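As structure tokens, the structure follows; a few thoughts come after it.
Readers should treat all values here as calculations from the given coordinates under stated rules, not as data from a laboratory. Here the structure is a predicted model, which means the values were calculated and not measured. Here the Cβ positions follow ideal geometry from the backbone for every residue, glycine too, while neighbour counts run over all protein chains shown.
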Amino acid sequence: MDPVTIGAVLLAVVGGAGSQLGVQLWDGVVSLVRGPFHRKAATSGGAAAAEMVPAGEAELTALQQAPGDQHKAVALAEALLARSGADAEFRGALESWWQQAEPIRVSIGNVANTISGGTQQGPVLQGRDFSNITFGAAPATSPVPPS
């Protein structure tokens with residue numbers, strides 16, 4: 001799970017995708033965020049860091065107020081992931097929610113970007129649904145220094 005993909009699913013769900021499933025998934029996110037937060041026991045120096053993990057309430061409210069805002073959806077996704085790192089019970093619940101969201105994930109399309117095998121020559125784009133892109137423009141030449 002990454003914040004951008006979770007954000008895309010959240011946008012689809014809050015936007016009404018999947019009708020009844022979307023309603024169930026949104027209710028699930030609301031329940032996750034508003035549920036108790038069981039932070040890990042703080043270790044040396046970790047107490048302040050554990051307290052800084054967002055519960056996600058502010059991000060949830062922001063997305064509810066602007067349901068088409070991708071940045072707010074990603075912010076909520078980042079809060080969910082941060083909280084899952086600090087709360088093992090929450091992580092399990094989030095993973096269960098993620099599995100339930102599979103039909104929505106499939107409908108919006110998952111993207112897996114991988115580059116391997118040494119040095120790449122030329123432009124490389126990673127993402128989904130590109131249009132009006134042209135490759136092959138002449139490379140910029142560096143100016144010749146005066147003699």
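Report the net charge of residues surrounding Val74, where surrounding means a beta-carbon distance below 13 angstrom and charges are Lys +1, Arg +1, Asp -1, Glu -1. Don't skip to the answer; put the middle values down first.
Numbers: positive: Lys72; negative: Asp2, Glu59, Asp69, Glu78.
Cβ neighbours under 13 Å give a net charge of -3.
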Check: ³J(HN,Hα) across segment 61-76 via Karplus (A = 6.51, B = -1.76, C = 1.60, θ = phi - 60°), whole Hz, x for Gly/Pro?
Finding: 4, 4, 5, 5, 7, 9, x, x, 8, 4, 5, 5, 5, 5, 4, 5
Checklist line | Pairwise label distance in nanometres, Ile133 with His71, each label 7 Å out on the Cα-Cβ vector | finding: 2.4 nm
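If each residue of separation counts as 0.36 nm, what is the full-extension length gain between Val23 and Arg91 once their alpha-carbon separation is subtracted?
Details: separation 68, 0.36 × 68 = 24.48 nm, distance 2.11 nm.
So the extension gain works out to 22.4 nm.
Just need the Rg to Rh number for segment 65-119, please, alpha carbons only, Kirkwood Rh. Write out the running numbers ahead of the final one.
Numbers: Rg = 14.6 Å, Rh = 13.5 Å.
Ratio of gyration radius to Kirkwood radius for segment 65-119: 1.08.
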